[in-house]
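The values are calculated or read from the model by the stated rules, or taken from the named source; none is laboratory data. All values reported here derive from a predicted model rather than from experimental measurement. Cβ placement follows ideal geometry from the backbone for every residue including glycine, while neighbour counts extend to all protein chains displayed. Protein only, heavy atoms only, side chains kept; ligands, DNA and RNA dropped before computing areas. Shrake-Rupley method; radii C 1.70, N 1.55, O 1.52, S 1.80 Å.
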Amino acid sequence: MRAGTDNAMVLDELVAALRQAADFNASDQTAPAVILWPDPGVEWAPLLPELRARVPELFALGPNDASARSGPAIWLRCVLARKIAGMEWPADRTPIFYLPGVGRKTLREIEDAPDALAPLLELQFRGTVWFHPNGKDWTVFAFAQSRLGMEVARDAATLAALRQALPEFARLRKAELSGRRWEAGDFNRLLTPDPSRNLLMWLGQGDDFKKSRAPDEWDAFKQICQRDYGFNPETDGALRAAALLGQRGGAWVQVWERFAESPTLYPNLPEALRAAKPKDESDLFFRPEIWPQINEAAESKLGDALALLQDRPYPEAAERIKALESAQGLRRNWVWRKLGKSGLAEASEHLSKLADCTQQLPMADSPDKLAAEYVAGGWQADAALLKALQHARSTKAERAIFAAARALYLPWVEAGAVRLQELVRHDPTAVTPQPLLNFGTAGEVILFADGLRFDVARELTGALGKAGLSVDLGWRWSALPSVTATAKPAVSPVASELTGRESDEEFVPSLKADERRVTADRFRQLMAGKGCMVLDTRAGGDPTKAAWTECGKLDSHGHDEGWRLAFRIDEQVKLLANRVRELLDAGWKSVRVVTDHGWLLLPGGLPKIDLPKFLTQHRWGRCATMKPGNNSGLVEVPWFWNATIRMALPPGVGCFVAGTEYAHGGLSLQECVIPMLTVRSSSAPRSLAQVESIKWLGLRCRVTVAGDFAGVRADLRLKSADGKTSLAETVKEVAADGTVSLAVKDDSNMGSAALVVLLNEDGRPLHALPTTIGVNA
């Protein structure tokens, strides 16, 4: 960077000033042979490594070290005569000899000068000496004041801090220097550019932190602690610091905010806070959210209260849940949530939502009206249950959440199933699914997702909408029984080629043409016969034709993992959304997402219904076929593929197999109201997110983003597409106002080149803008 501009670094100005010492009037002067740079206080020595890289004509008086371009006085004379191999410099430059420990006065007093300097003394006459216009040697302080125009305090602490921070100071831009008075604290912060972070690291690391710091950095850290935070890390120790952090007074507010922003970066800090908690909790300034044991006690109390709801009547359970949420919900704003220590406080939010959603029992007078109510909002009860279960991550949490969830959810889901079954008893045809229209349309691919329940489809719709896609969400009845063997073929383009016979087993239909059982291979052959390609998992296919593909493992995870399917929902939604986007990116005009059935999920198991297996031909958890002559006494519905064959279903949400937490095949809104999605690329193109501006304050930058930044996250990297090169403490989502704050995790990166990278929800880079860490352009 050219010296003299506001964007030039201090180091640029120093180099320019040294070289300007060689300026001369050609009309009456000869060019100086050398520039002598006296430095009696050895103040400038810390800059030599960087100066050597920038100034090839620089050589130093000192030990004989070719790599450092230094040597005794006689060696420097030989360098000047170009007699030392490898010590060349550009012909258009005047060599500069740096003389640490030597002042201009020493050079001038020739008779009293040390013998070791003798070879250099006459060079002050053939060359020139770089000195202050007042005739004195250039000190760092004098350079800052006179050459850089800074206002710098003259006290001893400030001068010492300036010398300590010289390498960091030299990397500042001129534009960052003016407009304020510089004191010791300002220079100390250059060595400790992020005092809040360093303080938190010291609290968590103790002596290891001190060992990792150079002596001058540790001294600067101590001075900042004493001046800004009111304690001495060596004499007061971590216990005092943790107590001050807990009080959150003065500058400690910023320290706490830094911890609260990314608490996982400081894993040992909670124990320091635990040890520092004051005994008197009645103090006016006591802050309960600070201390981990306060949160732990509240979690334990909440768990005990939820567990007491086991088998309680719905009104009592709902009232108690709302009261608990009112008392405990505030803890979700505490830092301990980010550390995974407030799982029950998080579950409480969803349990309260579940209580709201289950107040009114489904009582419509037709199956279609029941389904319409469920589609309009009833599905939110199912979603709230799953979200609550996602916080059951310990045995105690399981017991508490299971008890509350069953007390709220079971009466409601049972009532809905019973009401639907009552209506179907009077008219079994009321839930017969209508044929799917326009299957096999050129340019459309059918994406089959096994077990895509309606509430999960709503999550998928939201994810696709965030990706800028147009989604039409509808519903239909599942084929009965609501099992894959029956219901998957019913939503395929080859449904018209299938039928059901009395000889068919396990609810699997057969081919009309030759009575053979439908298998995966025959299913593909029928598809091909209809002109419909079957695409493998990641294949794009030919978008000018029609196709069928499959994605997702909701149903298999449900059967394998029971209630723990709740932990898989986000993963499966993301998987399906990515596949839809892949297909549209491959050129398909639309993707029609279909499914076979939903499912019931109840932690602790669905109610057991007795149906002896010897009375049945086939018995699954939620459906069965009876042996000839046996009467089940249960709700019976016709098989979708052959109405003369009847299926026995358990009442309500009961199950023929004890201990079953996940099941389908029966007749309930959750199993039988299935979604249909048609997804297209949005007609209106999205305005891509872009970094608009970057503002640095120490090791933290505030990024402003323009365009469509919904769901966009920001990172600070060395390489835009390589997450392993991230320099940020954490990748953060862009806020609703289009801004995001990123902190650098390692202060050694100050002054380094980097990229602010915007990422979509899949982690793919959308835009990157170069920046220099800690430097405002």
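Picking from 761, 671, which residue would you name as being closer than 30 Å to residue 377 by Cβ and open to solvent by less than 10 Å² (accessible area, probe 1.4 Å)?
That would be 671, the only listed residue that is closer than 30 Å to residue 377 by Cβ and open to solvent by less than 10 Å² (accessible area, probe 1.4 Å).
Go through region 106-128 and count every residue that is open to solvent by 20 Å² or more (accessible area, probe 1.4 Å) and touching a residue at least 60 places away in the same chain (Cβ under 8 Å).
Counting residues in region 106-128 that are open to solvent by 20 Å² or more (accessible area, probe 1.4 Å) and touching a residue at least 60 places away in the same chain (Cβ under 8 Å) gives 4.
Given the structure, is residue 383 surrounded by fewer than 21 Cβ atoms within 10 Å (Cβ to Cβ), touching a helix residue (DSSP H, G or I) at 6+ places or on another chain (Cβ under 8 Å), touching a residue at least 12 places away in the same chain (Cβ under 8 Å) and closer than 17 Å to residue 602 by Cα?
When the stated conditions are applied, residue 383 passes them.
Give 331, 393 a once-over and let me know the one that is within 24 Å of the chain's Cα centre (by Cα) and open to solvent by less than 20 Å² (accessible area, probe 1.4 Å).
That would be 331, the only listed residue that is within 24 Å of the chain's Cα centre (by Cα) and open to solvent by less than 20 Å² (accessible area, probe 1.4 Å).
Does at least one position in region 249-263 carry a residue that is over 32 Å from the mean Cα position of the chain (by Cα) and either surrounded by fewer than 18 Cβ atoms within 10 Å (Cβ to Cβ) or aliphatic (A, V, I, L, M) (or both)?
no
Against the conditions (1) open to solvent by 30 Å² or more (accessible area, probe 1.4 Å); (2) of a type outside the set (Phe, Trp, Tyr); (3) more than 30 Å from residue 179 (Cα to Cα), where does residue 136 fall short? Just the number, please.
Of (1) open to solvent by 30 Å² or more (accessible area, probe 1.4 Å); (2) of a type outside the set (Phe, Trp, Tyr); (3) more than 30 Å from residue 179 (Cα to Cα), only one is false for residue 136: (3).
Among the residues of region 46-83, count how many are touching a residue at least 12 places away in the same chain (Cβ under 8 Å) and open to solvent by 30 Å² or more (accessible area, probe 1.4 Å).
The number of residues fulfilling the criteria is 12.
Consider only pairs whose beta carbons are under 6 Å apart and that are at least six residues apart or on different chains; among these, list those whose first residue lies in region 416-433 and is touching a residue at least 40 places away in the same chain (Cβ under 8 Å) and whose second residue is of a type in the set (Ser, Thr, Tyr) and crowded, with 20+ Cβ neighbours inside 10 Å.
Qualifying pairs under 6 Å: 417/668.
Tell me which of these residue 599 doesn't satisfy, since it passes every other one: (1) surrounded by 22 or more Cβ atoms within 10 Å (Cβ to Cβ); (2) over 23 Å from residue 391 (Cα atoms).
Of everything listed in (1) surrounded by 22 or more Cβ atoms within 10 Å (Cβ to Cβ); (2) over 23 Å from residue 391 (Cα atoms), residue 599 misses just condition (2).
Restricting to region 384-426, count the residues that are within 28 Å of residue 636 (Cα to Cα) and not charged (D, E, K, R).
Final tally of qualifying residues: 14.
Kindly state which helices (runs of 4 or more DSSP H) lie completely within region 203-266 and contain at least 2 residues that are without any contact (Cβ under 8 Å) to a residue 60 or more places away in the chain and more than 17 Å from residue 192 (Cα to Cα).
237-247, 252-261
Based on what the data block shows, is residue 694 touching a residue at least 24 places away in the same chain (Cβ under 8 Å), within 30 Å of residue 374 (Cβ to Cβ) and either among the aliphatic types (A, V, I, L, M) or part of a strand (DSSP E or B) (or both)?
So residue 694 fails the test.
Got a number for residues in region 167-184 being surrounded by fewer than 19 Cβ atoms within 10 Å (Cβ to Cβ) and assigned to a helix (DSSP H, G or I)?
The number of residues fulfilling the criteria is 3.
For region 387-412, which positions are among the basic types (Lys, Arg) and either under 11 Å from residue 563 (Cβ atoms) or assigned to a helix (DSSP H, G or I) (or both)?
Selection gives 387, 396, 399, 406.
Within 30 Å of the chain's Cα centre (by Cα) and open to solvent by 50 Å² or more (accessible area, probe 1.4 Å): is that true of residue 205 in this structure?
yes
Being open to solvent by less than 40 Å² (accessible area, probe 1.4 Å), under 17 Å from the mean Cα position of the chain (by Cα) and closer than 24 Å to residue 263 by Cβ is the filter here, so list the residues in region 736-756 that pass it.
Matches in region 736-756: 739, 740, 741, 742, 743, 744, 756.
Out of 384, 403, I need the residue that is touching a Lys or Arg at 6+ places or on another chain (Cβ under 8 Å) and under 23 Å from residue 668 (Cβ atoms). Which one?
On inspection, the qualifying residue turns out to be 384.
For the list (1) part of a loop (DSSP other than H, G, I, E, B); (2) at pLDDT below 95; (3) in contact with a helix residue (DSSP H, G or I) (Cβ under 9 Å, 6 or more places away or on another chain), I need the number of the one condition that residue 451 fails.
(2)
What is the number of the single condition among (1) part of a loop (DSSP other than H, G, I, E, B); (2) open to solvent by 50 Å² or more (accessible area, probe 1.4 Å); (3) hydroxyl-bearing (Ser, Thr, Tyr) that residue 492 does not meet?
Only one criterion is unmet by residue 492, namely (2).
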